[in-house]
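Report on the following structure.
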Amino acid sequence: MSDVTSAPEARTTMVALVWNYASAIAATVLQLCYTAYTARVVLPESFGAFAAAAAATTVLGYVAGAGLATYLLRAEELTRQTVRCAYRVSALSGVLCCAVSQAVAPLAATVWGPPEVAPMVQLYGVYFLAQAPSQVAVAALRRLDHARFCAVTETVAQFAGMAVGAVLLTLGWSPYGLVVAQVVTPAVTLLVAAVRLARLPLPDGPHVPPREMLRMSGAFAGYGMIQMTAADVTLWAVTRFHGAAAAGQFSRTTLAVGLPIATLGQSLRRAVMPSLARINGEGRTLGTVLPDVLSATSAVAFVAFGVLAGVGPAALALLLGPGWEAAGALVPVMAAGAPLVLLCQVSYAADEIRRELGSLLRTQLLVLTATVVLVGLAVVAGQGMALVAVAASVAAGVGHLEQLVRWHRSGLCRLSALVRPYAVHAAVGAALYGSGHLAAGYGTGPLTQVAHGLLGMVPVALVCIVLRRRLPLYSAAVSRGLVTGRAG
């Protein structure tokens, strides 16, 4: 019965997922082109300072957003009063965060080290004015199942920001042009999305007090702060103990691996959260779909990052050009742990939808604590940036294991239902990495290494196609009626 009733939600999720991934692919292509250009006009030490400034303002970004996007995505019914209240809260929080960024800029430079951090933090303050309202408009449209419009809008806005940033860098405004690109993107998104949302008919509802909205959305913002603080610990350790140039190399690798994590994670969350909210609002248990969501996430994660680990070093060398060899060497290390990070982040959605906010807080505090402890041990060991990257991945794995054990004990999701999907998809990812890495070794330059690596993965892909009915993701798709065939 549960499989039948969940089929419409599954189809809606798949449509949204297709558009989200199409947008993610386009955004990735744009980001790659932009990265290739900036790597040739921005020195490693300058990029390290930019990365430090971005990390220093992470907390303010979550305060400005106030968790409103998550609040709207998980809303069981979206009313005009809810949207208006979200707009007011986001505008106020954006102004406050802009003011705070001007005041704390000198302190940020002291904590992180590079003096260029201070003016860049101040410039980031303008970003907060549009960031939060744009998130509100896009989240409301996604909750209303306008995934296609949101995907196109965000892609166009990203292109506009990168174009402006590239022009400024060409004129010699480095590295500040990188920050301006970040400022332009949410401004364009807000302009387009707000106009579209204003034209949509929304039902009237009761008055929504800002205090009530902040009580829930503020909790989500707090969780986001904890999550991003854990990620920033690694960059701070590299910046303080290895210098700005090393931070530039490390942040380039983090961007190369973190971009797929962010795009895949956002696409999965945006696609599944509206359907999960409906299922939860109807009183049905999320346990009917959660194993399939996690199985699909593991398939996407292990396959994508298996490919990235295999050809990532050569691809990054081709993308960035000379002078970034240390960044390329770190790619397999970060890519190997990336699936754990993605699984942990996507799994947060289940606790958010079920309003298990205490459990969500404990998981994120566990990840943060594990990150601090493991990164501290890596710094004491003095083994360089690779051990710092491993520490962050292991901490995310600890957090996801805690999630699975907790859900197993509560009866929400049996741990045994995920052992085989995780193991099979991890084996596929490892095979892709191994075959790609070996084949890439026969290339004589970055381009030929990438080509050899991708060709080396073809046999693994063919085996997966032949044995597709034994793959957990394919079986789940058949059982949900998303693919015609027989699970076997």
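Sum -39500 (n - 2.57) across every DSSP H segment of at least 4 residues in the chain, then divide by the residue count to get the 222 nm mean residue ellipticity, nearest 500.
Here the helix-only value at 222 nm equals -29500 deg cm²/dmol.
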**Complete:** Quick P(r) readout (the range 46-164; Cα-Cα; 10 Å bins; whole %) gives 14, 36, 32, 15, 3
**Request:** Sticking with the crude label model, points 7 Å out along Cα→Cβ, report the distance from T79 to L92 in nm, one decimal please.
**Result:** 1.9
**Asked** When every alpha-carbon pair in the range 323-472 is counted, what percent end up more than 21 Å apart?
**Response** 58
**Euclidean distance between Cα centres, the range 268-340 to the range 124-162, Å** = 22
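Report the calculated FRET efficiency for L191 and V380 (r = Cβ-Cβ distance, R0 = 35 Å), to the nearest 0.05.
On the way: r = 49 Å, r/R0 = 1.40.
For R0 = 35 Å, the calculated efficiency reads 0.10.
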**Prompt:** In µm²/s, what is D for the range 268-375 at 37 °C and 0.692 mPa s, where D = kT/(6 pi eta Rh) by Stokes-Einstein and Rh is the Kirkwood radius from Cα pairs?
**Reply:** 204
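Which trypsin sites (Lys or Arg not before Pro) from the range 311-417 combine a DSSP loop assignment with at most 14 other Cβ atoms within 10 Å? Walk me through the numbers on the way to the answer.
Values: sites: R354, R355, R362, R406, R409, R414; in loops: R354, R355, R414.
In loop regions of the range 311-417 (DSSP not H, G, I, E or B), the sparsely surrounded trypsin sites (Lys or Arg not before Pro) are R355, R414.
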**Asked** Using mean Cβ contacts within 10 Å as the protection proxy, how do 42-51, 456-465 order, highest first?
**Response** 42-51, 456-465
**Request:** Consider all pairwise Cα distances in the range 128-203 and report the whole-number % of them above 22 Å.
**Result:** 29
**Complete:** Sorted on mean Cβ neighbours within 10 Å (highest first), peptides 419-431, 258-270 come out as 258-270, 419-431
**Item:** Sites D204 and R469 - FRET efficiency at Förster radius 41 Å, r taken between beta-carbons, to 0.05
**Value:** 0.25
**Complete:** Taking every C-alpha to C-alpha distance in the range 230-287 and binning by 10 Å from 0, the per-bin percentages run 21, 30, 20, 17, 11, 1
**Correct option for P(r) over Cα pairs in 10 Å bins from 0, in percent [calculated from the coordinates] among (i) 4, 19, 31, 29, 15, 3, 0; (ii) 5, 22, 33, 28, 11, 2, 0; (iii) 4, 15, 25, 28, 20, 8, 1, 0** = (i)
**Request:** Go through 24-36, 79-91 and give me the packing order, highest mean Cβ count within 10 Å leading.
**Result:** 79-91, 24-36
**C-alpha center-to-center spacing [the range 433-447, the range 167-189] in angstrom** = 35
**Prompt:** So how compact is the range 424-475: Cα radius of gyration and Dmax in angstrom?
**Reply:** 12.5, 41
**Request:** For the range 348-354, just list the computed ³J(HN,Hα) in residue order, Karplus coefficients 6.51, -1.76 and 1.60, θ = phi - 60°, integers in Hz, with x standing in for Gly and Pro.
**Result:** 4, 4, 5, 5, 5, 5, 7
**Request:** Work out from phi, with θ = phi - 60° and the Karplus expression 6.51 cos²θ - 1.76 cosθ + 1.60, the ³J(HN,Hα) of each residue of the range 47-59, listed in order in whole Hz, and give x for Gly and Pro.
**Result:** 5, x, 5, 4, 4, 5, 5, 5, 5, 5, 9, 4, 4
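Computed from the coordinates by the stated procedures, all read-outs in this text should not be read as laboratory data. Computed from a predicted model, the values in this text were never measured in an experiment. Cβ: placed from backbone, ideal geometry, glycine included. Neighbour counts: every protein chain shown.
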